[in-house]
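The values are calculated or read from the model by the stated rules, or taken from the named source; none is laboratory data. All values derive from a computational prediction rather than experimental measurement. Note that each Cβ is placed from the backbone with ideal geometry, even for glycine, and that neighbours are counted across all protein chains shown. For the accessible areas, the whole protein counts, side chains as well, though only heavy atoms, and no ligand, DNA or RNA atoms are used. Shrake-Rupley method; radii C 1.70, N 1.55, O 1.52, S 1.80 Å.
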Amino acid sequence: MTTQNDVPETQETELSPALHYHSHPRPGKIEVISTKPLTTQADLSLGYTPGVAEVCMEIHRDPELANRYTSKGNLVAVISNGTAVLGLGNIGPLASKPVMEGKAVLFKKFSNIDVFDIEVNETDPDKFVDIVAALAPTFGGINLEDIKAPECFYIEQKLREKLDIPVLHDDQHGTAIIVTAAFMNSIKLTGKDKTKVKLVCSGAGAAGLACMNLLVDWGVPTQNITLVDIDGVIHADREKLTEQHKPFAHKTKHRTLAEALVGADYFFGLSAAGILKPEMLKTMAEKPVIFAMANPRPEIDPDLAKSTRPDAIVGTGRSDYPNQINNVLGFPYLFRGALDCGAKTFNTEMKLAAAEALAKLAQKAAEPALASAYKGSKLKFGPEYLIPKPFDSRLLSTIAPAVAKAAMDTGVATRPIADLAAYAASLHSTIDQSFSIMRQIYNQARANPKRIVYPEGEDPRILQTAQSAIAEGIGHPIILGRRDVVEAQIAELGLSMVEGDEFTLIDPQTDAQLEEFTEAYYQIRLRDGVTRQEAAVHLRSRWLIWACLMVKMGKADAVVCGISGRLMRYLPQAAQIINGRNDISHIYALQLFMSKDRLLFLADTHVQANPTAEQLAEMTSLACAEVSNFGIKPRVALLSHSNFGSSKTSQSVKMQEARRIITQRWPEISVEGEMQADTALNMEVMSRIFPASQLDAPANVLIFPDVDSANISFNLMRMVAPNADYIGPIMLGMDQPIHILSVDAPVHRALNLSALAVVHAQMSENKAKAKTRSAARAA
């Protein structure tokens, strides 16, 4: 028996990764969640009838109160008729819904704005305007999306005339804001005069025109801009010019892109892949700037552009090259600022304020967490860093206040913000920290992918994880398993990964390395009573041993395992081969718990049953080092049932002693305790109970007195916060990266831990290189 939300079993093997992502564990990407309790009759009577009647009458009396009593002030409509969806064209409103849901997710993740996606089955511009205008009372703002030109110009203009809430066609203005920010900084770097530079824009649709118009608003003369479309240069003698094209239709002999580019300072590409040829680039002015934004393939390959013109500054729409021009740098923060000040429209001043704020942020030093995530990239203002990265946590608190200020300065704000500095500070709490931290981990992993060995390669979840690791570009999976079983699973799951190029398959029962690995394992275990014959049997049947040997012998960089058994079944096997660090006495387990507004690291959740004060101190030092690797400042709470000496049990005294050891050996660690959990996480409670606390903010590293309390707490948190996520257990104290999943781990958690394992492998590699350099200097 199935329901409407079930995917028929017969379809399971036919789903691509994208289709599986959108259909599991429930269809779609968004849901509606109540912000008020509804657990009692009193709650129900307040949330609905009869209590809600009073709220209705208040809004009837003063419509502005809708922003106080309803979600209107934080609610945006993402509306489309599906006539220009991505590069897919006119596929209709229903088929556009996945894109609109995706836009809703980005609004929520980056600026905590709620969204209803609305797909309208209407292509007549006037009727479309009437429908949207009729829906407008529900919303604080409207984001028009994927509507074809030229209708999109008319629709946006008419809605702005009719409505007293901000309306934005993001395909036009979102792109224009990011392009303008990049242009501002390129002018600063090249030292050119914005009133004298020559611009050529390939692509004269909605985005191209919006970009050029905003540059004109910033002071670029219209006569300096040449538009080129599929028919060539748009010039004054061309027939049937649109109103939008007329300002840029100059008297000129140029008719082709190649002719227009001779001596040009800038190329803006919002058109098609490969149209900018190297020979055209060679004719451009000194220090040309190339913004090739066609996706997924730009107008010219960035590497080709740089090899052709080493003096060029290059930006694209792609995340794997410097200077990514991505709308997500703009629209979440533009709407955030407009909603919070009650703006009645988006005017030019607000858009330019967003562009200027974005440009100035790129000129500042990158935040430490971002630098950690983008190792290998130059995150210093210059030709390869014109605009900030999308995961810079300062974007929200930088752009939204600038937009709000511009709205207030131009008189379109209905709820002016009295203290913009306090407002900017308050915005930090709206950032989804779990989203940011995971992107940092993945970006760092992509910068230097590693070989990840999966000993449970016959498990479908592991094979799907391997496929995802390949797609994410974080590593080269090494799958251990019986060849016939693995190949059958790959076929049944419909996976596309290619053996050799993308992953390696090793069958330990038949692999040619068996003799080599048997001897290596025998030498490690010969004094544990293991014979050569037993070593061979172990390697054929206990594939974790094979995986760990690969890492120890330099044939792989990290192990991810545990999806088919308990941690304490795997850890002893791994520890026999991959030893603990020489400077560490024990191994510990750390869990990273991630909710929207809080990141917590918990230790030891799995390994040390009742750690001593010495072990707790060592565990704390290792945990803080791990937390710092994420670019997060650790603040440690040593937990107990006791608050700062209020009870003298053996466990509370142990935690006190642990703090004494920590402060003596590692004075740089910010640590307090012993204390109760609510004290650790609530600064109001902390200041009341212990005003002398060394912590200046709630703790983010929780050290428990024993494994029972840690494990119970972690699993309770998992159950009461089902929308939260976690990574772990993260093994602390191992000499090389091995991470052991929980047996119920779904694919995305296995992938998260794989990304973290790659980061740890990178760190091990860097540490080994540093040691080699130090030895060479000493010699």
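Convert 10 °C to kelvin, take the viscosity as 1.306 mPa s, use the Kirkwood radius over C-alpha pairs of segment 194-342 as Rh, and evaluate the Stokes-Einstein diffusion coefficient in µm²/s, rounded to a whole number.
Numbers: Rh = 16.0 Å.
D = 99 µm²/s.
How about Lys36: which lysines have a C-alpha closer than 19 Å to its C-alpha, ignoring those fewer than 8 places off in the same chain?
Counting by Cα, and skipping residues close in sequence, Lys36 has these lysines nearby: Lys72, Lys108, Lys596.
With a 1.4 Å probe and all protein chains kept in place, how much accessible area does Leu493 have, in Å² rounded to the nearest 10?
Answer for Leu493: close to 40 Å² accessible.
Ordering Tyr69, Tyr21, Tyr266, Tyr522 by how much accessible area each has at a 1.4 Å probe, largest first, what is the list? Before the final figure, lay out the partial values.
On the way: Tyr69 100, Tyr21 150, Tyr266 0, Tyr522 45 Å².
Largest to smallest exposure gives the sequence Tyr21, Tyr69, Tyr522, Tyr266.
Starting from the residue with the highest accessible area, list Glu279, Glu239 in decreasing order, probe 1.4 Å.
Values: Glu279 115, Glu239 150 Å².
Highest to lowest solvent-accessible surface, that is Glu239, Glu279.
Per residue, how much accessible area does the chain show when a 1.4 Å probe rolls over the protein heavy atoms, in square angstrom?
On the way: 34680 Å² over 779 residues.
Accessible area per residue, the chain: 45 Å².
Do you know the relative contact order of segment 625-779, to the nearest whole percent, from alpha carbon pairs under 8 angstrom that are 6+ apart?
19
Pull up the cross-link candidates among the lysines for Lys654, meaning alpha carbon to alpha carbon under 24 Å and not fewer than 8 places away within one chain.
By straight Cα distance, Lys654 reaches no lysines at all.
Taking amide H positions as placed 1.01 Å from N in the peptide plane, with prolines and chain starts having none, which residues 5 or more places from Lys148, or on another chain, fall under 5 Å of its amide H?
Excluding prolines and chain starts, which carry no amide H, the hits are Thr83, Ala84.
Given segment 138-227 reduced to its alpha-carbon atoms as identical point scatterers, what log10 I(q)/I(0) does the Debye formula return at q = 0.14 Å⁻¹?
-0.56
Give me the lysines in straight-line cross-link reach of Lys196: C-alpha distance below 17 Å, same-chain residues under 8 apart excluded.
By straight Cα distance, Lys196 reaches Lys188, Lys287.
Mind grabbing the accessible area of Arg461 for me, 1.4 Å probe, Å², rounded to tens?
It works out to around 70 Å².
Mind jotting down the distance between the C-alpha centroids of segment 78-145 and segment 554-627, whole Å?
Segment 554-627 and segment 78-145 have Cα centres separated by 46 Å.
Explain nothing, just the number: relative contact order of segment 254-323, from Cα pairs under 8 Å at least 6 residues apart, as a whole percent.
Working: 130 pairs, mean separation 20.9, N = 70.
Relative contact order here is 30 percent.
³J(HN,Hα) across segment 296-312 via Karplus (A = 6.51, B = -1.76, C = 1.60, θ = phi - 60°), whole Hz, x for Gly/Pro?
Those phi angles translate into x, 10, x, 4, 8, 4, x, 5, 5, 4, 5, 6, 6, 10, x, 8, 7 Hz.
Among [x] 18; [y] 11; [z] 37, find the value of percent of Cα pairs over 54 Å apart that was calculated from the structure presented, and write down its label.
[x]
Give the percent of DSSP beta bridges with both residues in the chain that are antiparallel, rounded to the nearest 5.
On the way: 17 of 73 bridges.
Expressed as a percentage, antiparallel bridges in the chain total about 25.
Picking from Val76, Thr40, Pro50, whose Cα lies most toward the positive end of the charge dipole for segment 32-94 (charges on Cβ: Lys, Arg +1; Asp, Glu -1)?
Val76
Rounded to the nearest Å, what's the spacing between the alpha carbon centres of segment 470-519 and segment 51-72? Just the number, please.
61
Looking only at segment 22-155, where both bridge partners belong to it, what percent of the DSSP beta bridges are antiparallel (to the nearest 5)?
Details: 1 of 11 bridges.
Approximately 10 percent, going by the DSSP bridge assignments.
Where does helix 331-340 land angle-wise versus the long Cα axis of the chain, in degrees 0 to 90, nearest 10?
Once rounded, the angle reads 80 degrees.
If you plug each phi of segment 34-47 into the Karplus form 6.51 cos²θ - 1.76 cosθ + 1.60 with θ = phi - 60°, what whole-Hz ³J(HN,Hα) values come out, in order, with x for Gly and Pro?
Karplus values, whole Hz, x for Gly and Pro: 5, 9, 10, x, 9, 10, 10, 5, 5, 4, 5, 6, 7, x.
Would you please name the trypsin sites (Lys or Arg not before Pro) within segment 520-585 that are DSSP coil residues with at most 13 other C-beta atoms within 10 Å of their C-beta?
Working: sites: Arg525, Arg527, Arg532, Arg540, Arg542, Lys552, Lys555, Arg566, Arg569, Arg581; in loops: Arg542, Lys555, Arg566, Arg581.
When the trypsin sites (Lys or Arg not before Pro) of segment 520-585 are filtered for loop state and at most 13 Cβ neighbours within 10 Å, Arg566, Arg581 remain.
For segment 530-602, which whole-number percentage of the solvent-accessible area (1.4 Å probe, protein heavy atoms only) is attributable to carbon and sulfur atoms? Walk me through the intermediate numbers first.
Details: 1360 of 2870 Å².
It is 47 percent, rounded to a whole number.
So what does His538 come to for accessible area, using a 1.4 Å probe and Å² rounded to 10?
Around 30 Å² of this residue is reachable by solvent.
Cα centroid distance between segment 710-779 and segment 295-365, in Å?
33
Calculated from DSSP H runs of 4 or more alone, at -39500 (n - 2.57) each and per residue, what is the 222 nm mean residue ellipticity of the chain, nearest 500?
Calculated at 222 nm, the ellipticity per residue is -13500 deg cm²/dmol.
Could you order Glu684, Glu151 by accessible surface area, starting with the largest, using a probe radius of 1.4 Å? Could the numbers behind the result be given before it?
Details: Glu684 130, Glu151 45 Å².
Solvent-accessible surface, decreasing: Glu684, Glu151.
Could you work out the relative contact order of the chain? I mean the mean sequence separation of Cα pairs under 8 Å and 6+ apart, divided by the number of residues, in percent. If you can, show how the numbers build up before the last one.
Working: 1415 pairs, mean separation 70.7, N = 779.
9 percent.
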